[in-house]
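Presented below is the structure to which this report refers.
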Amino acid sequence: MKEISYLLLDWYSKAKRELPWRVNKKPYSVWISEIMLQQTRIEAVIPYYERFMQYIPDIQSLANIPEDKLLKLWEGLGYYNRARNLKKAAIMIMNDYHGIFPNTYAEIISLPGIGEYTASAIASFCFNEATPTVDGNVLRVLSRVNEDHRNVDLARTKKEIRQELAQIMPLEAGDFNEALMELGEVICLPKGEPKCYICPLKEICKAHLHDTYSLFPVKEEKVQKKEIFYTVFLFSYQGKYAIRKRVNQQILHNLWEFPNISGKLAIDEVKRYLKSQKIGYLSIREGIDGKHVFTHQIWYMNSYFVEVSHEITDFVWVTVGEMMKKYAIPTAFRPFLKELNRDFRHTIL
Ligand code: SF4
């Protein structure tokens, strides 16, 4: 394991990518980027990160921003609790640390929304504390290098690997962590062929030497995701469309959605449903289908354009432009918003 650190640091000093949050290694920048990167690829995160930093450049502005505005800026990244926790943590830093980001792993991990991995990343990248960052990339690289048969989906395996890494952390702890993660992101790829021919570890990697890389990392069988069907209503009235806030929901809580009901309804069933709800309409036609994959669920959505004969008071009625500017519409419902925009030739998208 020790040999890995020399090889990695040498490689990283020559090959590391220029990324916006690597420019100054400020804990605020690293924190925001690491939270965004939890579910999203680097290339996709960069524009979100740059926009976020433009509007919320520091801890104080994050602590003070209204939640609606924060969620709007987070729109498209998904997993919105991450954004809410950022704000909670910023308030805590303002109150408990006089607005200065804490500089030890132990303090950083006590902030809302920050787990072992993110705390290690901030503590090592910004303060060079010798705390290993163990994410999927790191586990993949190490399990291949060592032909490690431990199941990487188990918390126990992660803990053991973390302990083993802690034993070999060099003085350049931050660079070492970044190098290991970067190798997993750009060379030791998860699907398809890893690029062993340019890998700095190829001389010592057992999976490469034995041509067994496809067997690693060892993982648990994936649990089947629950499939849920919804019928989405694109209600229109005099150039405005109905949306509503998702309150008391486990998923996408406090975000905005188009009205919808459970089940995939055929057009006759939709007509019966509208009648039962006393919703009069002038026209009705089928819209596009949508699909969204969450961690444990897949939503399948079909939709109907319904031009109603009166404004229904249960909903908020807005133009497409207003929806785009002011309301956080989660990715799951974005295809319908795009469709509205295209269909009615608004100009905001
Ligand atoms: S040699 Fe190949 S399998 Fe081994 S760490 Fe490098 S890219 Fe991954």
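Nothing in this text is a laboratory measurement; each read-out follows from the coordinates by a stated rule. These figures come from a predicted structure and were not determined experimentally. Positions of Cβ are generated from backbone atoms using ideal geometry, with glycine treated the same way; all protein chains shown enter the neighbour counts.
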Exercise. Angle between the Cα long axis of helix 267-276 and the longest principal axis of the chain, 0 to 90 degrees, nearest 10?
Worked result: 70 degrees
Exercise. Which angle between 0 and 90 degrees, to the nearest 10, do you get for helix 173-186 versus the longest principal axis of the chain when only C-alpha atoms count?
Worked result: 60 degrees
Problem set entry | Low-density loop cleavage sites - trypsin sites (Lys or Arg not before Pro) in region 32-70, where at most 13 other Cβ are within 10 Å (DSSP) | 41
Seminar exercise, completed: Distance in Å, no decimals, from the C-alpha centre of region 292-312 to the one of region 137-160 is 41 Å
Problem set entry | Nonlocal amide H pairs with residue 218, under 5 Å, H built at 1.01 Å | 152
Exercise. What is the chain's relative contact order, in percent, from Cα pairs under 8 angstrom and six or more apart in sequence?
Worked result: 15 percent
Exercise. Using alpha carbons only, how many degrees (0 to 90, rounded to 10) separate the axis of helix 136-145 from the longest principal axis of the chain?
Worked result: 40 degrees
Seminar exercise, completed: Summing -39500 (n - 2.57) over every DSSP H run of at least 4 in the chain, dividing by its residue total and rounding to the nearest 500, the 222 nm mean residue ellipticity is -13000 deg cm²/dmol
Seminar exercise, completed: Placing each pseudo-label 7 Å from Cα in the direction of the beta carbon, residue 3 and residue 22 end up separated by a distance in nanometres of 2.6 nm
Exercise. What aspartates and glutamates could a cross-link reach from residue 245, if we take a straight Cα to Cα line under 14 Å and drop same-chain neighbours fewer than 8 places away?
Worked result: 67, 68, 257, 314
For this session: Let me know the shape class of region 226-343, please: from the alpha-carbon gyration tensor, a ≥ b ≥ c as square roots of the eigenvalues, rounded when a/c is under 1.5, otherwise prolate if a/b is greater than b/c, or oblate.
Result: oblate
Seminar exercise, completed: Fewest to most Cβ atoms within 10 Å: 135, 96, 211 sort as 211, 96, 135
Exercise. Rounded if a/c is under 1.5, else prolate if a/b beats b/c, else oblate: with a ≥ b ≥ c from the C-alpha gyration tensor eigenvalues square-rooted, which is the chain?
Worked result: prolate
Exercise. How about region 1-75: which GluC sites (Glu not before Pro) there lie in a loop by DSSP and see at most 10 other Cβ atoms within 10 Å?
Worked result: 18
Exercise. Pairs of lysine in region 162-228 with Cα under 29 Å and at least 8 positions apart or on different chains: total?
Worked result: 12
Exercise. Between region 74-130 and region 163-182, what is the C-alpha centre distance in whole Å?
Worked result: 20 Å
Exercise. Arranged from highest to lowest average of other beta-carbon atoms within 10 Å per residue, in what order do the peptides 165-173, 85-93, 259-267 appear?
Worked result: 85-93, 165-173, 259-267
Exercise. Using modelled amide H (1.01 Å from N, peptide plane; none on Pro or chain starts), what sits under 5 Å from the amide H of residue 229, excluding residues fewer than 5 places away?
Worked result: 263, 300
